[in-house]
Amino acid sequence: MFALLRDRKVRGILFQLLTIIGLVAFLWYIGTNTVHNIEQRGIRTGFGFLTGTSGFAINDSPIAYNETYTYWRVFFVGLLNTIIISVIVIFLSSILGLIIGVLRLSNNWLIAKLSSAYIDIFRNIPILLQILFWYNVVLATLPSPRKSIELFGSIFINNRGFYVPKPDMNSTTIGVMVSVAFVFVFVFFLNRWANKRHEETGEDFPVLYTGLGLLVVVPIAAYFIFGANFNFSYPHLRGFNFTGGKTFYPEFLALTFALTIYTATFIAEAVRSGIEAVSKGQKEAAASIGLSSYQALKLVVLPQAIRIAIPPTINQYLNIVKNSSLATAIGYPELVTVFAGTTLNQVGQAIEIISMTMLVYLVVSLVVSALLNWINFKMKIKER
Amino acid sequence: MKSKIAKISIATIAALSLSASVASADTLSDTLSQGYLKCGINSGLPGFASADSKGHWSGIDVEVCRAVAAAVLGDQTKVKYTSLNAKERFTALQSGEIDLLSRNTTWTETRDSSLGLNFAGVNFYDGQGFLVHKSLGVKNAKELDGAAVCVQSGTTTELNLADYFRKNGMKYKLVAYDSNDQVLKGFETGRCDVITSDSSQLYSLRIKLKNPAGSMVLPNIISKEPLGPVVRQGDDKWFNIVKWSYNAMVAAEEAGITSKNVDSMLKSNNPTVKRILGVEGKLGENLGLKKDFAYQIIKQVGNYGEVFERTVGMGSPLKIKRGLNALWTKGGLQYSPPFR
Ligand SMILES: N[C@@H](CCC(=O)N[C@@H](CS)C(=O)NCC(=O)O)C(=O)O
């Protein structure tokens, strides 16, 4: 028996076993102790509260919601708003970041300086301050609803939001939307085919012009095929506020502007360091085979730079999701505001609600990083 | 997830899962050994809780903290104040960050039954009202159909608002913020047409506006808001102490004992007065306190009427009438169970 203990391997296994038993016992203790303590304090436990009626309104919901819906629904409204704001900001900040990152290295002194000033300024001001600035200073100074700024007689801008006409979801609208999606899918495959043919035969195919042409022709055709019946709901002033159409609320706008402008600075820096990491020789080689500097950027430098820029950009995308919870300061109804905030305060079940919220952030983070790792893998330079 | 609420929530979880057992919780001993009371109050609501330039807190809710400190520690200044917004307050109490919550909090069934709270009394009977810009030309809440309404989230106010508009078949645009400051900003910049909150608070919000004269409080009261001090469940001794510290202030007013005459009242022949002041009987000891606990409260803080007048009543900028908060003998609801 003791001889066995002198064996290193056996001892190793034994210690690991003891550690696991200890850990399980500890978790078990925490679990039972928590439940016991909560019950002692008369705090309700379990997830039963989710089917209860919320009793409060939410100002901006992508799905049907009012105060007679359940807390479950509140959870989903918050979740959807978190996802919506994140996706939009990821999209906008990527474009802006790419542009600024490239301009930052421009040969034009003024453009390069302006881009670097932009980065320095917006990267160093705390994001919460920027959100509050957009909300309380910029958007709040817009005129009141009665004195709205009016564009084309159907778009209205005031301190309660941007109001635009919204098409009714009838067969024409849906038909046109589907046709646009169809064109994109078609162009994607067309591009693949054209690339392959280019490699094999050297012949070019005007994918861009074909795509743009289709994007005009196909939806128009779809419009007539599906009944030629566009019906817009227009915003109009009724009583205190505008009704009808689609509203972009100041809370949403302030958060979108602030997060986009802030995150774009980090993405721009990632793009810049990616470009700088591509060796000078590459640019010189590109120039020596007669590529213009735009062609060199597009065909030689950016494809390599973007590969280098992807990992830091992944981090920024995750930061966007997390930073969106700063919306609580201005009351945009994302997950932390309506669920970990309002709902928690109304039902008081901190453990359940905070766990659910943290789980969402965990899953979203894992999904985003898995997705981008996959892209990263796909875009790796294939050695031939 | 960087907010204070997340921090407090996590502290709650940690406190609930790691503390050996709350059944043995003894807030009184803890308070005595640390030498101060941990009290949660509003971050800035004139009349209820607000700090002056030197950082001294005052207000009717603050006086409850001071009364309990006087009763337990014999010194009304031995309080550590934590200012909390509506969303933070219950988690702060559950996690033990504070031992007494005195922050214009409405007593409701859910808060008793599901949040594990005990309300130790009602130090202010309130009701919900509306504050509008005069320029709106609205004279009654029934004319508010379609209005944008600013409200603090995580309150009973938010729930009553939804009920009221639903009951009257009207629509509204909700603008819900975490903090009072943002509610005021929203109203001043025109993000919303109306603020709704407990009506006493509307007056104190109004004096914080840049142009108070440009706004007015509507006559409608749409709810019952009994506001009072709150403790955690599971420590009945502490619950009793807070309850009777508050009752002592009301009983003192009923018996005509004030901070000025309390010393001469020690010689009173009235048995009720004798019992309140601990000259006769063992009421203080029964609570686990000194026998002069109520004397200390009255001497250092005052009776309910004195406190009311100096914080929200005629001696204050708010000038709120006693109304429902008068003693039961004067047509109000303030009433102390007997000291015996
Ligand atoms: N009595 C209500 C509302 C309490 C409440 O938080 N009222 C707000 C609206 S005036 C407030 O006091 N805010 C002050 C602050 O957070 O600074 C409740 O218990 O839910």
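The values are calculated or read from the model by the stated rules, or taken from the named source; none is laboratory data. Keep in mind it's a predicted model, so treat the numbers as computed, not measured. Glycine also receives a Cβ, built like all others from the backbone with ideal geometry; neighbour counts cover every protein chain displayed. Heads up: the accessible areas ignore ligands, DNA and RNA and are worked out on the full protein's heavy atoms, side chains in. Shrake-Rupley method; radii C 1.70, N 1.55, O 1.52, S 1.80 Å.
Observations on the model:
- Calculated mean residue ellipticity at 222 nm for chain A: -21000 deg cm²/dmol, from DSSP H runs with n ≥ 4 weighted as -39500 (n - 2.57), summed, divided by the residue count and rounded to 500.
- Mean separation of Cα contacts under 8 Å (6+ apart) over length of chain A, as relative contact order %: 22 percent
- Based on Cα contacts under 8 Å between residues 6+ apart, chain B shows a relative contact order of 21 percent.
- Ratio Rg/Rh, restricted to region B:128-223 and using Cα atoms, in which Rh is the Kirkwood radius: 0.91
- Rounded to the nearest 20 debye, the dipole size of region A:188-282 about its Cα centre is 300 debye, using +1 on the Cβ of Lys and Arg and -1 on the Cβ of Asp and Glu.
- Bridge type composition, chain B - antiparallel percent by DSSP, nearest 5: 55 percent
- Of the whole protein surface, residue A:256 contributes about 10 Å² of accessible area at a 1.4 Å probe radius.
- Per-selection Rg to Rh, the protein assembly as shown - Cα, Kirkwood hydrodynamic radius: 1.07
- Filtered chymotrypsin sites (Phe, Trp or Tyr not before Pro), region A:143-178: DSSP coil and at most 15 other beta carbons within 10 Å: A:152
- With both residues required to sit in region B:128-223, DSSP beta bridges show an antiparallel share near 55%.
- Whole-Å semi-axes of region A:2-42's equivalent ellipsoid (Cα gyration tensor): 37, 7, 4
- To the nearest ten degrees, helix B:156-167 and the longest principal axis of the Cα atoms of chain B are 40 degrees apart.
- Residue B:208 paired with residue A:178, simple spin-label distance in nm, labels 7 Å along Cα-to-beta-carbon: 5.4 nm
- Rounded to the nearest 20 debye, the dipole magnitude of chain B is 540 debye, with +1 charges on Lys and Arg beta carbons, -1 on Asp and Glu beta carbons, and the Cα centre as origin.
- Nonpolar atom fraction for chain A, defined as the carbon and sulfur part of the 1.4 Å probe accessible area, stands at 69 percent.
- Only the Cβ atoms of Lys and Arg (+1) and of Asp and Glu (-1) were treated as charged; on that basis the dipole of region B:128-223 about its Cα centre amounts to roughly 240 debye.
- Neighbours of residue A:339 by Cβ distance under 11 Å: Lys/Arg scored +1, Asp/Glu scored -1, total -1.
- For the pair residue B:261 and residue A:29, a Förster radius of 60 Å applied to the C-beta separation gives a FRET efficiency near 0.60, rounded to the nearest 0.05.
- Part-to-part distance (alpha-carbon centres) for region B:61-92 and region B:244-279, which is given in Å: 23 Å
- Look at the dipole of the protein assembly as shown built from charges on Cβ: of A:313, A:237, A:140, the Cα furthest out on the positive end belongs to A:313.
- Cβ-derived FRET efficiency at R0 60 Å, residue A:236 paired with residue A:204, nearest 0.05: 0.70
- Partnerless cysteines, meaning none of the other Cys C-beta atoms lie under 4.7 Å away, in the protein assembly as shown: none
- The region of chain A that goes longest without hitting one of the GluC sites (Glu not before Pro) in a DSSP loop, each with at most 14 other Cβ atoms within 10 Å, is A:1-202.
- Approximate spin-label separation residue A:7-residue A:319, in nm, with each point projected 7 Å along Cα-to-Cβ: 5.3 nm
- Probe 1.4 Å - accessible area at residue B:57, Å² to nearest ten: 60 Å²
- Accessible area ranking (1.4 Å probe, heavy atoms, ligands and nucleic acids excluded), largest first, for B:113, A:325: B:113, A:325.
- Report summary: the helix-based calculation at 222 nm, which adds -39500 (n - 2.57) for every DSSP H run with n ≥ 4 and divides by the residues of chain B, gives -11000 deg cm²/dmol.
- Those residues of region B:166-191 whose amide nitrogen sits under 16 Å from the label point placed on residue B:135, 7 Å along Cα→Cβ: B:185-191
- For the residue pairs B:173/B:321; B:208/B:243; A:113/A:283; A:298/A:378; B:78/B:291; B:78/B:299, the C-alpha atoms sit more than 24 angstrom apart in B:173/B:321; B:208/B:243.
- Column: log10 I(q)/I(0), Debye, Cα scatterers of region A:214-292, q = 0.11, 0.16, 0.20, 0.25 Å⁻¹: -0.77, -0.88, -0.96, -1.08
- Overall form of chain A per C-alpha gyration tensor (a/c, 1.5; a/b vs b/c): oblate
- Fraction of antiparallel bridges per DSSP, the protein assembly as shown only, in percent to nearest 5: 70 percent
- Sites residue B:29 and residue B:272 - FRET efficiency at Förster radius 30 Å, r taken between beta-carbons, to 0.05: 0.45
- Centre-to-centre, using Cα atoms only, region B:198-227 and region A:57-118 are separated by 37 Å.
- Charge dipole (region A:1-86, unit charges on Cβ, about Cα centre) - positive-most of A:40, A:26, A:70: A:26
- Interface area, B with A, accessible, probe 1.4 Å, both sides summed, Å² nearest 100: 4600 Å²
- Kyte-Doolittle at least -0.5, axis length at least 24 Å by Cα - qualifying DSSP helices, chain A: A:8-40, A:71-103, A:171-201, A:207-225, A:250-277, A:302-323, A:350-379
- Length gained when the stretch residue A:170-residue A:185 is fully extended (0.36 nm per residue, less Cα-Cα span): 3.1 nm
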